[in-house]
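The values are calculated or read from the model by the stated rules, or taken from the named source; none is laboratory data. Note that this is a predicted model, so its numbers are computed, not measured. In this analysis, Cβ positions are derived from the backbone assuming ideal geometry, glycine residues included, and neighbour counts consider all displayed protein chains. Just the protein is used for accessible areas: all its heavy atoms, side chains included, with ligands, DNA and RNA removed. Shrake-Rupley method; radii C 1.70, N 1.55, O 1.52, S 1.80 Å.
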Amino acid sequence: TNFGREVMFSYLVAVSFKVLGAGTTAIHVASAIVGILTVPAVYLVAKEIFATDDDVPTQVGALLASLTIAISYSHVSWSRYGVRAILVPFLAAVTVYFLWRGFRVRKYWMFIAYGVCLGLSQYTYQAARMLLPLALFGHGIWHRHRNRQRCLIELALAAGATLVIFAPMGWYALKHPGGLMQRANQVAVWGAAPGERLSKLIGQLADTVLTFSLRGDRQPYNLPRRPALNPFLSLAFYAGIAISLRRIRKPAYALLLAWLCLMCAPAVLAQGGPITKRMIGAWPAVAMLIVVGLLVPYRRIQGWIEKQAGAASQTLGAVALVALGAGFIYTGAVAYRDYFLIWARDPRLFYHFEAG
């Protein structure tokens with residue numbers, strides 16, 4: 001029964017088998033292609049979101065967000081691993097892109113495309129179900145600023161497209177009660193003893209928060225205890241959260257914070273598994289928050305430097321730019337070292353991947 005696991009990745013692997021032959025290489029290639037496609041998907045959604053804010057240069061912000069995803073240790077790791085969860089950040093980025101783009105250009109077909117992507121996301125991994133409340137939150141943000149009748153039409157188009165795409169899976173769920181939630185119920189914190197549920201929930205919340213910067217998953221699919229973000233990205237990430245909280249009345253920042261919280265919820269609500277996998281749908285938002293935490297202070301510093309006279313201002317500007325570039329070079333180099341040199345030589349992988 002495969003524990004009710006969604007089918008889209010299995011279909012992609014089947015295509016990969018046809019092209020490359022049945023084997024583990026074909027599974028990893030299917031996963032890697034999705035991971036690669038996530039990079040331009042993040043660029044597109046970041047470009048749309050940053051276009052609604054004057055403090056983050058649209059083009060530069062989108063490029064840095066996609067660069068952050070491309071050299072992120074967690075994204076590189078899950079992109080090459082070969083499991084269905086890698087589909088979530090890709091479809092999350094594409095879904096939010098069509099949603100935000102539709103609100104900006106006011107084209108009805110954009111909302112149909114957004115609904116199609118939202119429906120497809122439900123065939124990926126249980127964590128993708130949190131895209132449904134995120135989509136409703138996005139509608140709610142724009143509903144305050146747009147014609148109510150038009151917003152209802154857009155919502156109806158998106159909902160109709162979602163339901164059409166989801167219909168086969170929904171019909172299966174009706175015919176097989178419990179199948180849709182079987183795996184989720186196996187790992188949910190509410191499955192613990194009544195007296196332990198609150199402590200389990202608090203423990204999962206703490207582990208999820210700590211995973212970003214202090215300690216990561218212990219299982220062999222990750223470099224043991226390696227946090228998801230290095231010190232450079234961590235500082236930028238928390239700065240981005242702080243800036244977004246101050247500007248939460250702006251749609252772009254409210255969306256990024258909601259995206260982060262909702263897509264991290266599966267990691268908080270489930271126990272006994274990889275946290276970075278269960279919150280994988282949050283990584284596009286994490287990348288954009290990192291960019292906010294880097295570029296907003298950078299532009300403030302740049303503005304201050306421009307007020308200074310002479311060669312000193314040029315020197316300070318060059319130092320700030322070099323520091324920013326050095327942070328990304330450091331991120332890429334450390335991710336390469338940790339994944340390709342240290343983790344790849346872990347003797348436990350022979351048993352973990354059943355190589356024998």
Inside segment 206-218, can you point out the residues that are of a type outside the set (G, A, S), touching a residue at least 12 places away in the same chain (Cβ under 8 Å) and either in contact with a Phe, Trp or Tyr (Cβ under 9 Å, 6 or more places away or on another chain) or more than 16 Å from H75 (Cα to Cα) (or both)?
D207, T208, L210, F212, L214, R215
Hits in segment 76-102 (condition: assigned to a loop (DSSP other than H, G, I, E, B) and open to solvent by 20 Å² or more (accessible area, probe 1.4 Å))
V83
In the set A32, A46, the lone residue that is in a helix (DSSP H, G or I), closer than 18 Å to A254 by Cα and modelled with pLDDT of 95 or more is A46
Given the conditions (1) within 22 Å of the chain's Cα centre (by Cα); (2) at pLDDT below 90; (3) among the aliphatic types (A, V, I, L, M), every one holds for L256 apart from (2)
Does segment 320-355 hold any residues that are open to solvent by 50 Å² or more (accessible area, probe 1.4 Å) and of a type in the set (S, T, Y), and which are they?
Y330, Y336, Y351
How many of the residues making up segment 65-75 are in contact (Cβ under 8 Å) with a residue 40 or more places away in the chain and open to solvent by 30 Å² or more (accessible area, probe 1.4 Å)?
2
Conditions: (1) open to solvent by less than 10 Å² (accessible area, probe 1.4 Å); (2) touching a Pro at 6+ places or on another chain (Cβ under 6 Å); (3) under 22 Å from T38 (Cα atoms); (4) not polar (S, T, N, Q). L255 meets all but one. Number of the miss?
(2)
Scope segment 41-64; condition closer than 14 Å to L294 by Cα, out of contact with any Leu (no Cβ under 8 Å at 6 or more places or on another chain) and open to solvent by 40 Å² or more (accessible area, probe 1.4 Å); matching residues
T58, L63
How many of the residues in segment 194-225 are open to solvent by 50 Å² or more (accessible area, probe 1.4 Å) and either outside any helix (DSSP H, G or I) or small (G, A, S) (or both)?
8
Taking A184, is it more than 18 Å from W78 (Cα to Cα), at pLDDT 90 or above, out of contact with any Cys (no Cβ under 9 Å at 6 or more places or on another chain) and part of a helix (DSSP H, G or I)?
no
Among the numbered criteria (1) open to solvent by 20 Å² or more (accessible area, probe 1.4 Å); (2) hydroxyl-bearing (S, T, Y); (3) more than 30 Å from P224 (Cβ to Cβ), which single criterion is violated by S244?
(1)
Mind counting the residues in segment 103-142 that are open to solvent by 70 Å² or more (accessible area, probe 1.4 Å), of a type outside the set (A, V, I, L, M) and either closer than 15 Å to A252 by Cα or not in a loop (DSSP other than H, G, I, E, B) (or both)?
4
The one condition in (1) at pLDDT 95 or above; (2) among the hydroxyl-bearing types (S, T, Y); (3) open to solvent by less than 20 Å² (accessible area, probe 1.4 Å) that Y238 fails to fulfil:
(3)
Restricting to segment 226-254, name every residue that is in contact (Cβ under 8 Å) with a residue 24 or more places away in the chain, part of a helix (DSSP H, G or I) and farther than 29 Å from I329 by Cα.
P251, A254
If I filter segment 1-8 for residues that are open to solvent by less than 40 Å² (accessible area, probe 1.4 Å), touching a residue at least 24 places away in the same chain (Cβ under 8 Å) and more than 30 Å from F237 (Cβ to Cβ), do I get at least one hit?
yes
